[in-house]
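The values are calculated or read from the model by the stated rules, or taken from the named source; none is laboratory data. Predicted model only: the values in this text are computed from it and were never measured. Neighbour counts run over all protein chains shown; Cβ positions are idealised from the backbone, glycine included.
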Amino acid sequence: MPDQLAISATGLIKKFGDRNVVDGVDLAVPKGMIYGVLGPNGAGKTTTLRMLLGIIEPDGGSRTLLGHDRPREASDQVGYLPEERGLYPAMKARDAIAFMGALRGLDLKTGRKRAVALMEANGLGHAVDSKIRKLSKGMAQLVQLLGSVVHEPELLVLDEPFSGLDPVNQERLEALIVAQRDRGATILFSTHVMAHAERLCDRLAIISGGKRRFEGTVAEARGMLPMRAHYVPHHDGAGVRDLLPADAEHIGDGWRFTIADTGAEDVIRKLIDAGFGISGLSIERPGLHDAFVRIVGKAALEAGQ
Amino acid sequence: MSNPPIGNFRRMVRQTLTIARRDFVATVFTPTFLIFLFTPVIMLSFGAIGGFGASSMAGGTGEKMSIVAIVAPAQQAAMRATDARLRKLFSPNDQPPPLVMEVPGDNPAGQANIAFSAQGSDASAALYGDLTEPTILYGGHGRGDAAYLAELAEGTLRTTGGSMAPLSKATLTSLVHAKPSSSGRRESAYFTVFGIFFLTLLLAGQAVGTMAEERNNKVVEVLAAAVPLEAVFFGKLIGMFGSAILFIAFWGTLVSQVHAILPASFASALGDIGPAVGEPAFVLLFFAYFTMSYLLLGGVFLGVGAQATTPRELQMLSLPITVLQMAIFGASTVAAARPDSWIAKAAEIFPFSSPYAMAAHAANSPTLWPHAAALAWQLLWVAIVIMIGARAFRRGVLQSGSGKINWKGLFGRK
């Protein structure tokens, strides 16, 4: 199993002053997957990623990166897009990408060639020779992302990659991440935007308050919450409320309620028998957003926040 | 999919050179580098300081200079009387060096040459041979003193032989290619210390702001994730050193051509200045010590500058280093002037003054082996300075999570 893991971390701890910013986080990221690290602001996501990459040393616990106990030894097989984007403003876009590849062992000549190909493939062909300072924020961010994949890493770590991008570039970035996964790379990314995680992640972990609160697939996360029904009667009488479950809420013309483990059939049958009829009925699966709010909210309650 | 795995050391060297190359290109291929290249116009002001130091040096060594007359004992009293008489014509500040009389041996010409090169003896001019046709040798600064010796010969003949005495016809010979005198070696030592100090002050100071660039651009996170911080620091130093070499090559080429346009007498005076180890070895040692000085001071500047978050902090942090550098320069000039003093020995051992003091040592003493030991010692300290700088950066900046300096944790346990 360890051979199948791109990243393995056990009991990672990081203190800033007296505060445990990361407090015993375990992670197991299988190779070839897109893995999301989700959490609210200040949850410890970035610190966890920085420890995994060896930028900072943990105060406790252990981690391996592509089988190396010292992350630095795997440096050439890793690509990284930090949360705080940074490029040399006076560099040309092509040179910036090649430079980032060179830091990871790719020779500059090959780096420049690949940079041009990558930029053209991602709609930045016109900006190959533009200086970074001339690019828009979104374009510069995309250039930096291309710099993190130019050496074709086995592991790509992206910290909040979607922040600051417009919808078009967000979609482009999603496609790029999927393409990297399809190429065989493992992608670990952090975000607090659930929509991206829901679309992209094969597995995910939710971190809150420095601790890991959930680990599994998106479906498993959503499965933590029961499904809900949205029912709209033909004519809304006073007796409808009496036939619905206790948590039923009146929303607009209809009602929303949690479906019991036994299903919604009994409730619906009773409503029909009582003559309220069905004008509309939909079954709503809870989204990752709901699961996230529930998990993080529960964690906050436990922590007394 | 990725590049084949390589050893840690090779990887680090490669990463260091990648950073160095980026910094070199970013520094040199900019219009501001041209402005920087011409900053030596400031040399005029430094030249004033240098001139003052050299004049102090000359004043300090003036007492030891002498003019030598190798004459028969029978003529010595007359020559001394003539010397006393002629000196009255000079103002106190323009007095010729003291006259030293020697009795001619088997080889008066060799005796005169020895007067220029023997330990403890420092002649500016030396006379030998018959006083009617004496030969007078003189060093770089000694043409005036040689003329004075010619006058002495003439006067001595007139004193002993009256007005019927034949006129003296002296032959004056310059010793341009002679071994440098001890004062020439000391002057050489002083100029060496001054040269390394000036170049280091001018060039290493640039390193103070280079990490600030990465911090402001947020590139540091990208670098720190890919490259050990030691490689980042060392790469930056090498990159800046490359631009320093370019600077030196440019000005060195210009300065090396200066002698071609100097008057012959001035060139002859410069000929007396020279290092004890000989010029080829001295050039190599000068370069080696400049390199060490640059890496040491640049490493300190880089490490301290990396802690700063604003230009004001940069200025405040670099001021104490500059003061320290001035103190080092002071100690090293003492080492140049008094190579056997305890201050000289201390300056040679203290890592940050060692490059200056050992360069002065090379000018003053021909022994070569201490330089191998000194260079190894200085290299060790370069590594220590870079490691401390990188560690301080990692603990003080990267670990803090806030971007501010974490002074408390800076030197704590890892």
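The table for this structure:
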read-out	value
Single unsatisfied condition, residue A:70 versus (1) within 13 Å of another protein chain (Cβ to nearest Cβ); (2) touching a residue at least 12 places away in the same chain (Cβ under 8 Å); (3) buried (at least 24 other Cβ atoms within 10 Å of the Cβ)	(3)
Single residue of A:183, A:212 found to be within 13 Å of another protein chain (Cβ to nearest Cβ), in contact (Cβ under 8 Å) with a residue 24 or more places away in the chain and of a type in the set (Lys, Arg)	A:183
Some residue of region A:112-121 being within 11 Å of another protein chain (Cβ to nearest Cβ) and over 18 Å from residue A:165 (Cβ atoms)	no
Filtered residues of region B:218-261 (kept if among the polar types (S, T, N, Q) and closer than 20 Å to residue B:302 by Cβ)	B:243
Residues (at pLDDT below 85, part of a loop (DSSP other than H, G, I, E, B) and polar (S, T, N, Q)) located in region B:96-131	B:119, B:121
Unmet criterion (only one of (1) in a loop (DSSP other than H, G, I, E, B); (2) acidic (Asp, Glu); (3) in contact with a helix residue (DSSP H, G or I) (Cβ under 9 Å, 6 or more places away or on another chain)) for residue A:290	(1)
Among the candidates A:275, A:280, A:263, residue that is loosely packed, with under 13 Cβ neighbours inside 10 Å and at pLDDT 90 or above	A:280
Only listed residue being at the interface with chain B (Cβ under 10 Å from one of its Cβ atoms) and in a helix (DSSP H, G or I), chosen from A:79, A:105, A:101	A:101
Hey, residue B:67 more than 14 Å from every other protein chain (Cβ to nearest Cβ) and either modelled with pLDDT of 90 or more or assigned to a helix (DSSP H, G or I) (or both) or not	no
For residue A:124: the one exception among (1) under 21 Å from residue A:169 (Cα atoms); (2) at pLDDT 95 or above; (3) buried (at least 21 other Cβ atoms within 10 Å of the Cβ)	(2)
Residues (in contact (Cβ under 8 Å) with a residue 40 or more places away in the chain, touching a helix residue (DSSP H, G or I) at 6+ places or on another chain (Cβ under 6 Å) and not charged (D, E, K, R)) located in region A:100-116	A:100, A:101, A:105, A:111
Of residues in region A:73-105 being under 24 Å from residue A:212 (Cα atoms) and among the aliphatic types (A, V, I, L, M), the one surrounded by the most Cβ atoms within 10 Å (Cβ to Cβ)	A:78
Hits in region B:217-259 - residues which are surrounded by fewer than 17 Cβ atoms within 10 Å (Cβ to Cβ), in a helix (DSSP H, G or I) and either at the interface with another protein chain (Cβ under 9 Å from one of its Cβ atoms) or in contact (Cβ under 8 Å) with a residue 60 or more places away in the chain (or both)	B:246, B:250, B:251
Extreme residue, modelled with the lowest pLDDT, among residues of region A:85-104 that are out of contact with any Gly (no Cβ under 8 Å at 6 or more places or on another chain) and among the small types (Gly, Ala, Ser)	A:86
Region A:182-192, residues that are modelled with pLDDT of 90 or more and under 14 Å from the mean Cα position of the chain (by Cα)	A:186, A:187, A:188, A:189, A:190
Residues located in region B:343-355, provided they are more than 11 Å from residue B:374 (Cβ to Cβ), of a type outside the set (Gly, Ala, Ser) and assigned to a helix (DSSP H, G or I)	B:343, B:345
Count of residues meeting criterion [within 12 Å of another protein chain (Cβ to nearest Cβ), surrounded by 14 or more Cβ atoms within 10 Å (Cβ to Cβ) and not basic (Lys, Arg)] in region A:1-31	3
Residue A:43 being touching a residue at least 60 places away in the same chain (Cβ under 8 Å) and more than 8 Å from chain B (Cβ to nearest Cβ)	yes
Residue B:284 vs. criteria surrounded by fewer than 21 Cβ atoms within 10 Å (Cβ to Cβ) and at pLDDT 85 or above	yes
Count - residues of region A:198-219 that are outside any strand (DSSP E or B) and either surrounded by 16 or more Cβ atoms within 10 Å (Cβ to Cβ) or modelled with pLDDT under 90 (or both)	8
Complete set of residues in region B:12-29 that are modelled with pLDDT under 85 and facing chain A (nearest Cβ under 7 Å)	B:26
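Here's the yes/no breakdown for (1) outside any helix (DSSP H, G or I); (2) surrounded by 14 or more Cβ atoms within 10 Å (Cβ to Cβ); (3) more than 13 Å from chain B (Cβ to nearest Cβ):
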residue: A:133; (1), (2), (3): no, no, no
residue: A:140; (1), (2), (3): no, yes, no
residue: A:143; (1), (2), (3): no, yes, no
residue: A:151; (1), (2), (3): yes, yes, no
residue: A:156; (1), (2), (3): yes, yes, no
residue: A:169; (1), (2), (3): no, yes, yes
residue: A:172; (1), (2), (3): no, yes, yes
residue: A:177; (1), (2), (3): no, yes, yes
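Yes or no, residue by residue, for (1) under 18 Å from residue B:394 (Cβ atoms); (2) in contact (Cβ under 8 Å) with a residue 40 or more places away in the chain; (3) out of contact with any Lys or Arg (no Cβ under 9 Å at 6 or more places or on another chain):
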site	(1), (2), (3)
A:23	no, yes, no
A:29	no, yes, no
A:36	no, yes, no
A:49	yes, yes, yes
A:58	yes, yes, no
